[in-house]
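Can you keep this structure in mind? I'll have questions shortly.
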Amino acid sequence: MNEKEIAALVAKVMAELEKTNSCSNSYSSSCNGSGADDPYLVPVGVSNRHIHLSQADFETLFGKGATMTHFKDLSQPGQFACQEVVTLVGPGGAIERVRLLGPARKQSQIEVSVADCFKLGVKAPLRDSGDLSGSAALTMVGPAGSVSVPEGCIIALKHIHMHTSDAERIGLKDKDHVDVQTCGDRNLIFQDVLIRVGENFKLEMHVDMDEANAASLTNGDRVRIIGKSK
C-alpha cells in the first residue's frame, strides 16, 4: 500500500469515527434534552430488593390483625412502600431490612438481584412478576414470626410499564419486547425489555440495582426505545 492509499484509508477511518461520535452526541442529547412529547423516551425507576406479601403471610410476620403501614407512594398508581421490613434468610446468609410493598397480593413474592442471590445462597430465576412456579425457596423473618415459602423468590425481568395510550402511540402491545438505549458515560443497550401495558400503568422502565449500576442509571433518568427486539 502506497502513501496515497494509506492517507485515503486514514481519512476514511477518521470520517467514520467522526460520524459515530456525532451520532452518539446527538443521541445522548435526545435522551436528556427537553423532549417531553417524544413517545420513545421513558423515565427510569430503579428497584431495590423488596417483597410483596399475601395477607396471611403478612399477619404471620407482623401479628394477627395487623395492617400494612403506608410509608410513601410509588410511581405506579395504587402501589406504595410500607414501613414494615423483614429479614431474608437463605442457605448462604441473610439480608436485613428488606422493605414491603403494598397492597397485599394473592401470593407472596420476593424480588432480589443477582448480587443478592450470591449473599443468600439461592438461585432465583429471571421471571416476570407473578410467574412464580418453580422459583426459589426462601425464609422471611418478621417481628411476630417467620414464613418459609417453597417458591416465590425471583429476579425480576427488566420491563416497561406503559399506559394503553402510550402503547398505541408507538405501536406496541402487552408482552412485546423492545430494545432500549441508555445515555451517559456508560451508555449501553438493554435487549428484550418486556412491555407491560395496562389502564392503570404510568410510563416507566424498571431495572434492578445490578442493571442500574451497569449503566449508571438513577431514578428519573430517561432512556429511549429504539425498536422491537428481534
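No value in this document is a laboratory result; all are computed from the given coordinates. Please read all numbers here as calculations on a predicted model, not as lab measurements. So basically every Cβ, Gly included, is an ideal-geometry build from the backbone, and we count neighbours across all protein chains shown.
From the phi of every residue in region 193-210, what ³J(HN,Hα) in whole Hz does the Karplus formula 6.51 cos²θ - 1.76 cosθ + 1.60 yield, where θ is phi - 60° and glycine or proline is x?
7, 6, 9, 10, 10, x, 5, 9, 8, 10, 4, 5, 9, 9, 10, 8, 5, 4
How much FRET efficiency would the formula 1/(1 + (r/R0)^6) give for THR69 and LYS106, where r is the Cβ-Cβ distance and R0 is 30 Å, rounded to 0.05? Don't jump to the answer; show the numbers that get you there.
On the way: r = 21 Å, r/R0 = 0.70.
Calculated value: 0.90.
Along the Cα-to-Cβ line of ARG186, 7 Å from the Cα, sits a label point; which residues in region 111-126 have backbone N less than 14 Å from it?
What the label zone holds, given the 14 Å backbone N cut-off, is 115.
For PHE71, which sequence-distant residues (separation of 5 or more, or a different chain) have an amide H within less than 5 Å of its own amide H, given hydrogens modelled in the peptide plane?
For PHE71, whose amide H was placed from the backbone, the distant partners under 5 Å are ALA81, CYS82, GLN83.
How charged is the neighbourhood of LEU217? Take every other residue with its Cβ under 14 Å from the Cβ of LEU217, and add Lys/Arg as +1 and Asp/Glu as -1.
On the way: positive: LYS158, ARG186, ARG222, ARG224; negative: ASP185, GLU204, ASP208, ASP210, GLU211, ASP221.
With Lys, Arg at +1 and Asp, Glu at -1, the neighbours total -2.
Arranged by the count of other C-beta atoms within 10 angstrom, fewest first, what order do ARG49, ARG169, ARG97 take?
Details: ARG49 19, ARG169 13, ARG97 9.
Arranged by neighbour count, lowest to highest, ARG49, ARG169, ARG97 become ARG97, ARG169, ARG49.
Can I ask one more? Please work out the ratio of the alpha-carbon Rg of region 48-156 to 2.2 N^0.38 Å and round it to two decimals. Kindly include the intermediate steps, with their values, before the conclusion.
Numbers: Rg = 12.8 Å, N = 109, 2.2 N^0.38 = 13.1 Å.
For region 48-156, the normalised Cα radius of gyration is 0.98.
While we're on this one: State the antiparallel share, in %, of DSSP beta bridges confined to region 48-156, rounding to the nearest 5.
On the way: 21 of 28 bridges.
Of the beta bridges lying entirely in region 48-156, close to 75 percent run antiparallel.
How many lysine pairs in region 48-156, separated by 8 or more positions in sequence or lying on different chains, have Cα atoms less than 27 Å apart?
4
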